[in-house]
């Protein structure tokens, strides 16, 4: 099977039927959000609606390390001041600390990081102090000049007008966490940035399927207790080379959270790594709590759902953007896992996952289903509720899956399919499917990043906006988007459900 990046055939890969697809950003970048940070904070409807604000009265995730395996994080963003405490690059093309946004969708990592661990900023306070000091200075200079001018006209024996002394100015505060900008779910957690090159040809020549297992191992060895992976593929299978890395994380008591993918990105079912047993897979819902039509997908491996539409996040360089997709839903859940681990430091990973599942708000048909999993997250309940101890991870384990499907000499043994259905289900999440064996006849599928209704080819960053399998008539516009930075997409207002392609005349589609 050939592996495709940015539409160009590269080194052949035979490990999976469909190459890891779109940066699950499937983030519908609805455009650059106004620069005023207070507008950003007021847009974070999920803080109150999903129990996060209440959970913050108990814990904000202090002391818990969370690794973000993504495209690198711009650690200079004002909302991430002091949040990123370490990092590494697995691509050979990024910064040594994972602090250089790289790849086609380089903005993705910073968007994810601010949603998970953003601390907000005090820029408006700084501006207020500066403005007040400037006002005082201007008034003083005017009064001083007036007094000096009057004194010039007075005789030597006349009483002089007192020249006012320069006032004491309020000290300008240093940039720090504050009430403006993006407040993440776990604003006191310690973020680790693990950068991957996804999309286009990696200048260092290291394929993404090799970067991912190294990234997982580095995160575990660096002390991460939670790992966020807002990336995925159109295939439920994964390279055998990933087995040991995910088992290593499982053995070391690490919670891994992954995005389920987006229909707008061409994903009709959950893809790896979200299909790996033991991984907490996150689907997306809209502001009302209804399963997102575009910014989510389905499958019985889905564990829980979280907001995935009308999200906001930080961009490299200090800006902001509106976006959508399970790429944004995943860090909300990873943040909840960090809150739990901070409040219950002795709790093991299977119990952390169990608390998130058992306290989720059941939505749709009663019981576990293909769209919402156990339901929509409730951060406060996940942190504080009295939840019966589970004997094992409700989402199964990669260790057991390996024992059955990698080590079993009986080649007839098959794992259950992840499931693709438009109907509700009460089935519990089960093991991921048996990997698809190498086959030169396997058709090539192109990995993509979905952003603002446009498609950028590469490993899937689950944003949520257009289609992986976009028709040929849209290829011209797609190519233009491939070459553009997300932050430059010409969108100023929310798109009211319209995607980027809605702006293309029908004769060009």
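The values are calculated or read from the model by the stated rules, or taken from the named source; none is laboratory data. Treat the numbers as computed from the prediction; the structure is a model and nothing was measured. For neighbour counting, all protein chains shown are included, and Cβ atoms are generated from backbone atoms with ideal geometry for every residue, glycine included.
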*Identify, by number, the condition in (1) at pLDDT 95 or above; (2) surrounded by fewer than 24 Cβ atoms within 10 Å (Cβ to Cβ) that residue 216 doesn't meet.*
(2)
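One line per residue, one yes/no per condition, for (1) at positive phi; (2) out of contact with any helix residue (DSSP H, G or I) (no Cβ under 9 Å at 6 or more places or on another chain); (3) in the same structural domain as residue 57 (by TED's automatic domain parsing):
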{"site": "134", "(1), (2), (3)": "no, yes, no"}
{"site": "149", "(1), (2), (3)": "no, yes, no"}
{"site": "153", "(1), (2), (3)": "no, yes, no"}
{"site": "159", "(1), (2), (3)": "no, yes, no"}
{"site": "162", "(1), (2), (3)": "no, no, no"}
{"site": "194", "(1), (2), (3)": "no, no, yes"}
_Residue among 357, 371 that alone is assigned by TED's automatic domain parsing to the domain that holds residue 302, at pLDDT below 95 and touching a strand residue (DSSP E or B) at 6+ places or on another chain (Cβ under 8 Å)_ = 371
_Any residue at all in the range 209-227 that's assigned to a loop (DSSP other than H, G, I, E, B), assigned by TED's automatic domain parsing to the domain that holds residue 85 and touching a helix residue (DSSP H, G or I) at 6+ places or on another chain (Cβ under 8 Å)?_
yes
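Yes/no matrix, rows are residues, columns are (1) at pLDDT 95 or above; (2) surrounded by 24 or more Cβ atoms within 10 Å (Cβ to Cβ); (3) in the same structural domain as residue 232 (by TED's automatic domain parsing); (4) under 18 Å from residue 231 (Cβ atoms):
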position: 309; (1), (2), (3), (4): no, yes, yes, no
position: 319; (1), (2), (3), (4): no, no, yes, no
position: 323; (1), (2), (3), (4): no, yes, yes, yes
position: 329; (1), (2), (3), (4): yes, yes, yes, yes
position: 332; (1), (2), (3), (4): yes, yes, yes, yes
position: 338; (1), (2), (3), (4): yes, yes, yes, no
position: 345; (1), (2), (3), (4): yes, no, yes, no
position: 349; (1), (2), (3), (4): yes, no, yes, no
*Quick check, is residue 202 over 19 Å from the mean Cα position of the chain (by Cα) and closer than 22 Å to residue 102 by Cβ?*
yes
*Taking residue 236, is it assigned by TED's automatic domain parsing to the domain that holds residue 116, part of a loop (DSSP other than H, G, I, E, B) and over 25 Å from residue 98 (Cβ atoms)?*
yes
*So which of 56, 108 ends up being touching a helix residue (DSSP H, G or I) at 6+ places or on another chain (Cβ under 9 Å) and crowded, with 24+ Cβ neighbours inside 10 Å?*
108
*Which condition number does residue 302 fail, the rest of (1) modelled with pLDDT of 95 or more; (2) over 14 Å from the mean Cα position of the chain (by Cα); (3) surrounded by 24 or more Cβ atoms within 10 Å (Cβ to Cβ) being met?*
(1)
*asked:* Among the residues of the range 31-39, are any at pLDDT 50 or above, part of a helix (DSSP H, G or I), in the same structural domain as residue 236 (by TED's automatic domain parsing) and surrounded by fewer than 22 Cβ atoms within 10 Å (Cβ to Cβ)?
replied: yes
